[in-house]
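The values are calculated or read from the model by the stated rules, or taken from the named source; none is laboratory data. Please read these numbers as outputs of a predicted model, since none were measured by experiment. Note that each Cβ is placed from the backbone with ideal geometry, even for glycine, and that neighbours are counted across all protein chains shown.
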Amino acid sequence: MTGEAKQSVRWGILSTANIATKVARAINLADGAELTAIASRTEERAKSWGAKHGVGIAYGNYTALLEDPEINAIYNPLPPSMHAEWTIKAAEQGKHVLCEKPLEANAEKAVTMADACQQHNVQLMDGVMWVHHERTARMKQVIDDGILGRLHRVTAAFTSGWDKIPEDNIRIKKELAGGCLGDLGYYCVRCILWAFDDLPMRVFATARYYRGVELSLSGTLWFEDERMAAFDCGYDTSSRRWFEVAGTQASLVCDDFVIPRNEDSTRFWIHGAQGRNEEHKGGGCIQEVRMIERFSNIVRTGQLEPRWQTEAINTMRVCDALSESARLEQIVQIR
């Protein structure tokens, strides 16, 4: 896309999935972005959703949206097992793709998506919203500045309790690449890689399954220099979304890293020796809006950022190893 910096990036959304409503709001609030079209499996459903969200163009199939020459960027919230097919088709039409996580059912398919986007000179990014929050940059600065000392351990949790298993939910359908690892654990793995800025050497995981997908999973990751990480995720525990990065001098704790409790203010803590207990507060930030603005700027300038697809693929590689470990009940080497 060429033109002046103020020109809006025109977005289209594939599917009227629940998460599409949240991202549609973000596109409408973002600077330099415009939600132009929605596609669903039926025109009736697309028109109904479009009328509700102020989207003027509604398509009764995904292909028609991808072939629209006015659309610059696509948000793909389809089930994970469909991500590669429709991301590749979007890339072939010259559309940049923001794809919901997990990027696909496995890292091999994620690589095919990245290769297609690279071949057609379009951006690929996974929809991990928290990494775009202003607080995330502040926390990373604390880690990189050495305030915590030499890093030793990262611990994280993301759980979302179900009173009753929703039988029709795509999260428990194996054929759609469901399971708590790709849905919830993906965030924890990304957090660990973000904090250590490295890939683990080996992993071990245990899981409880329902119809072939993980209802809960706990993982341990070993890194070089005696660094370790652990996390748990699942649908069988009340809502938790925290992490701790611990070093030789202090630890950093965030108790709502995936979804901040308040869009108008955020916080994290630094705990250390001699009773150190510092609460760091920040101002308002809607992380999904920042994600859309960052992606739109990439589209507008044409300056692709390969780091986003690399980080997504690395997350998938670790998740694949954890999944294998849980099935085999043994440690799996990554490198």
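What the table below lists for this structure:
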item: Within the range 13-47, tally of residues that are in a helix (DSSP H, G or I) and over 16 Å from Leu78 (Cα atoms); result: 8
item: In the range 43-99, the residues that are polar (S, T, N, Q) and closer than 19 Å to Gln7 by Cα; result: Asn72
item: Number of the condition not met by Ser238 [criteria: (1) buried (at least 20 other Cβ atoms within 10 Å of the Cβ); (2) closer than 30 Å to Arg25 by Cα]; result: (1)
item: Test: residue in the range 210-219 that is outside the structural domain of Ala91 (by TED's automatic domain parsing), of a type in the set (Lys, Arg) and either farther than 30 Å from Met113 by Cα or within 19 Å of the chain's Cα centre (by Cα) (or both); result: no
item: Where Ile74 falls short, out of the listed (1) closer than 21 Å to Ala116 by Cα; (2) at pLDDT below 95; result: (2)
item: Thr16 vs. criteria modelled with pLDDT under 95, in contact with a Lys or Arg (Cβ under 8 Å, 6 or more places away or on another chain), on the phi < 0 side of the Ramachandran plot and hydroxyl-bearing (Ser, Thr, Tyr); result: yes
item: Qualifying residue in the range 262-274 (condition: of a type in the set (A, V, I, L, M, F, W, C) and surrounded by fewer than 18 Cβ atoms within 10 Å (Cβ to Cβ)); result: yes
item: Test: Glu34 is over 19 Å from Gly302 (Cα atoms), more than 17 Å from the chain's Cα centre (by Cα) and acidic (Asp, Glu); result: no
item: Within the range 91-199, helices (runs of 4 or more DSSP H) holding 3 or more residues that are within 29 Å of Glu214 (Cα to Cα) and touching a Leu at 6+ places or on another chain (Cβ under 8 Å); result: 107-119, 186-196
item: Boolean, Gly275 is farther than 22 Å from Gln118 by Cα and touching a Ser or Thr at 6+ places or on another chain (Cβ under 7 Å); result: no
item: Of all residues making up the range 130-186, the number that are polar (S, T, N, Q), surrounded by fewer than 21 Cβ atoms within 10 Å (Cβ to Cβ), under 30 Å from Ala207 (Cα atoms) and out of contact with any strand residue (DSSP E or B) (no Cβ under 6 Å at 6 or more places or on another chain); result: 2
item: Yes/no for Ser296 being in contact with a strand residue (DSSP E or B) (Cβ under 8 Å, 6 or more places away or on another chain) and farther than 28 Å from His133 by Cα; result: no
item: Hits in the range 303-319 (condition: hydrophobic (A, V, I, L, M, F, W, C) and either in contact with a Gly (Cβ under 8 Å, 6 or more places away or on another chain) or assigned to a loop (DSSP other than H, G, I, E, B) (or both)); result: Leu304, Cys319
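Each row is one residue, and each column tells you yes or no for (1) part of a loop (DSSP other than H, G, I, E, B); (2) over 21 Å from Gln330 (Cβ atoms); (3) touching a residue at least 40 places away in the same chain (Cβ under 8 Å); (4) in contact with a strand residue (DSSP E or B) (Cβ under 7 Å, 6 or more places away or on another chain).
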| site | (1), (2), (3), (4) |
| --- | --- |
| Leu217 | no, no, yes, yes |
| Glu226 | yes, yes, yes, no |
| Glu244 | no, yes, yes, yes |
| Val253 | no, yes, no, yes |
| Asp256 | yes, yes, no, yes |
| Asn262 | yes, yes, no, no |
| Trp269 | no, yes, no, yes |
